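Below is one structure, written out as structure tokens; comments come after it.
The values are calculated or read from the model by the stated rules, or taken from the named source; none is laboratory data. Worth saying up front: this structure is predicted, and the values here are computed from it rather than measured. Cβ: placed from backbone, ideal geometry, glycine included. Neighbour counts: every protein chain shown. Just the protein is used for accessible areas: all its heavy atoms, side chains included, with ligands, DNA and RNA removed. Shrake-Rupley method; radii C 1.70, N 1.55, O 1.52, S 1.80 Å.
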Amino acid sequence: MLSSNITRDADGTLRFAGQSVPALAEEYATPLYLMDEDRIRANCRMYRQALRESFGEDALPLYASKACAFKQMYRIMAEEGMGVDTVSSGEIHTALAAGFPAERIWFHGDGKTDADIRYAVGQGVGCFIVDNETELLALAQEVRRQGVRQRILLRVTPGIDPHTFEAVNTGTVDVKFGVAIQTGAALEFARLALAQEGLELEGIHCHVGSMVFDENVFEDSAEIMLGFMAEMKEKLGFEARVLNLGGGYGVRYRETDKQVDIPARIAALAAFIKERCAALGLALPAVLMEPGRSIVADAGMTVYTVSTVKHIPNCKNYVIVDGGMTDNPRWCLYRAAYTVLHAERGGETERFTLAGRCCESGDIVQPDVPLPADIKRGETVAVCTTGAYNYAMSSNYNRLGRPPVVMLRGGESYVAVRRERAEDLCALDV
Ligand SMILES: *Cc1c(COP(=O)(O)O)cnc(C)c1O
């Protein structure tokens with residue numbers, strides 16, 4: 001199977017985190033997001049341990065909470081000793097409402113508004129990751145107005161192409177994020193940051209992209225980042241204490257995808273960074289990483305009920321389900337691959353396009369997936385590896401309510417986010 005938390009019984013029943021998927025569909029109704037809490041926690045521990053062993057006590061993984069954010073997720077992150085990345089006041093609010101400590105929140109984003117800045121500074125958010133000079137000056141002004149100090153990192157772009165899909169590539173010079181090192185702009189950015197009263201510059205950040213499988217992407221960006229740290233030390237007399245290398249390790253969506261051995265990659269990265277620091281005369285900085293997908297993706301599964309099956313002779317077969325682009329827009333957005341399984345039986349002998357119920361021809365969850373030839377209305381299907389960027393990207397298009405998020409933990413299940421009901425959909429309407 002694709003992931004060790006997905007199994008199938010001899011009678012064909014699909015199990016996720018050891019629990020019967022058809023039984024969960026029966027109990028909670030569909031469409032349904034399932035999340036394997038034990039897997040989320042195991043992924044957090046894997047990162048924490050790998051970073052600590054490789055880099056020492058100052059290293060910390062920050063969960064990139066845009067991948068999947070709701071209160072219970074932040075509680076889990078707090079319990080697992082993670083930091084969190086946020087990109088909006090809404091994510092910060094959710095984290096704080098869950099009791100997540102403000103000082104362990106890092107605040108990202110290239111379009112922070114004055115209201116976001118005021119709110120985050122006022123709440124005592126631990127660290128801003130400042131994207132650009134305009135934001136830097138707005139933040140400095142707000143910090144002085146509130147009479148506080150704010151720790152910051154600067155987002156810079158190392159000019160690395162991580163060889164992933166264009167929409168998720170964020171490290172090259174021409175992207176909208178951060179300030180480029182290679183043009184000299186980042187040095188001026190740092191100079192300006194150091195001149196701001198109330199702002200405490202700790203170091204630098206980069207994030208070169210998502211779904212990274214290539215071996216050397218993090219080493220390549222670390223090389224440029226460390227070179228920039230040496231340049232800042234030489235030209236500005238500033239020694240960065242923090243190096244945040246972003247997130248991005250790829251996960252398996254299909255059995256043919258590669259498996260990234262994250263602890264091994266982190267160990268190799270640490271060896272490289274230590275060697276480069278020694279060569280450049282830099283003290284080893286505290287290394288932060290920002291995994292999103294690789295914390296939650298394989299902890300998720302979406303379950304649907306089949307509404308109809310359409311055979312278009314000599315052309316295509318459709319399985320249409322009770323969800324779609326509203327709960328998983330990723331194929332529509334960037335042709336994301338998924339593994340689809342019948343939840344009640346194996347025997348996948350025919351090809352179908354798994355389509356949603358929205359009024360868009362493009363509302364497709366996954367084209368060309370093998371399913372049993374006699375699949376029919378009322379049966380359940382599961383889409384695997386939907387823990388990242390599914391619930392987080394869901395919408396109410398066609399006034400469809402969002403599915404609930406049901407957590408699976410130690411053989412039990414509980415609702416972490418309840419189903420959005422018809423009255424919820426009118427809650428904002430006057
Ligand atoms: C999206 C994002 C991440 C997380 O990326 P994953 O591919 O989900 O690990 C981390 N840092 C930043 C700045 C991001 O934009």
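Roughly what % antiparallel, to the nearest 5, for the DSSP beta bridges in segment 1-117? All intermediate terms of the calculation are to be shown ahead of the outcome.
Numbers: 5 of 11 bridges.
Looking only at bridges with both residues in segment 1-117, the antiparallel portion is about 45 percent.
Taking all protein chains as present, what is the carbon and sulfur share of the accessible area of segment 108-291, in % to the nearest whole number, probe 1.4 Å? All intermediate terms of the calculation are to be shown ahead of the outcome.
Values: 3720 of 7640 Å².
Here carbon and sulfur together make up 49 percent of the probe-accessible area.
Give a residue-ordered list of calculated ³J(HN,Hα) values for segment 402-409 (Karplus: 6.51 cos²θ - 1.76 cosθ + 1.60, θ = phi - 60°; whole Hz; x for Gly, Pro).
Rounded to whole hertz, the list is 5, x, x, 10, 10, 8, 10, 9.
Could you give the accessible area per residue of segment 108-291, probe 1.4 Å, as a whole number in Å²?
That works out to 42 Å² for each residue.
Test of understanding: express the Cα radius of gyration of segment 80-239 as a ratio to 2.2 N^0.38 Å, with N the residue count. Could the numbers behind the result be given before it?
Working: Rg = 15.8 Å, N = 160, 2.2 N^0.38 = 15.1 Å.
Rg over 2.2 N^0.38 Å, computed on Cα atoms: 1.04.
Counting only DSSP beta bridges with both residues in the chain, what percent are antiparallel, rounded to the nearest 5? Don't skip to the answer; put the middle values down first.
On the way: 34 of 70 bridges.
Rounded to the nearest five, the antiparallel share is 50 percent.
Can you put Lys112, Lys233 in order of accessible area, largest first, using a 1.4 Å probe?
From most exposed to least exposed: Lys233, Lys112.
Label points 7 Å out from Cα along the Cβ direction at Tyr334 and Thr7: separation in nm?
3.4 nm
What length, rounded to one decimal in nm, is gained on full extension from Arg145 through to Glu200, with 0.36 nm per residue of separation minus their alpha-carbon distance?
Roughly 18.2 nm would be gained on extension.
Want the number for Arg399 to Leu137: 0.36 nm per residue separation, take away the alpha-carbon distance, what's left?
Working: separation 262, 0.36 × 262 = 94.32 nm, distance 4.08 nm.
Result: 90.2 nm gained on full extension.
Output the Cα-based Rg and Dmax of the chain in Å, rounding Rg to one decimal and Dmax to a whole number.
Answer for the chain, Rg first and Dmax second: 22.8, 72 Å.
Provide the FRET efficiency to the nearest 0.05 for the Glu103-Ala23 pair, computing r from the beta carbons and using R0 = 41 Å.
0.45
For segment 1-81, which GluC sites (Glu not before Pro) pass both filters: DSSP loop (anything but H, G, I, E, B) and at most 13 other C-beta atoms within 10 Å?
Sparse-neighbourhood loop GluC sites (Glu not before Pro): Glu57.
What lysines does Lys235 reach when the alpha-carbon gap must be under 27 Å and sequence neighbours fewer than 8 apart in one chain are set aside?
Partners within reach: Lys176, Lys274.
More than 26 angstrom separation, counting every C-alpha pair in segment 242-370; what % is that?
Above the 26 Å cut-off, segment 242-370 has 42 percent of its Cα pairs.
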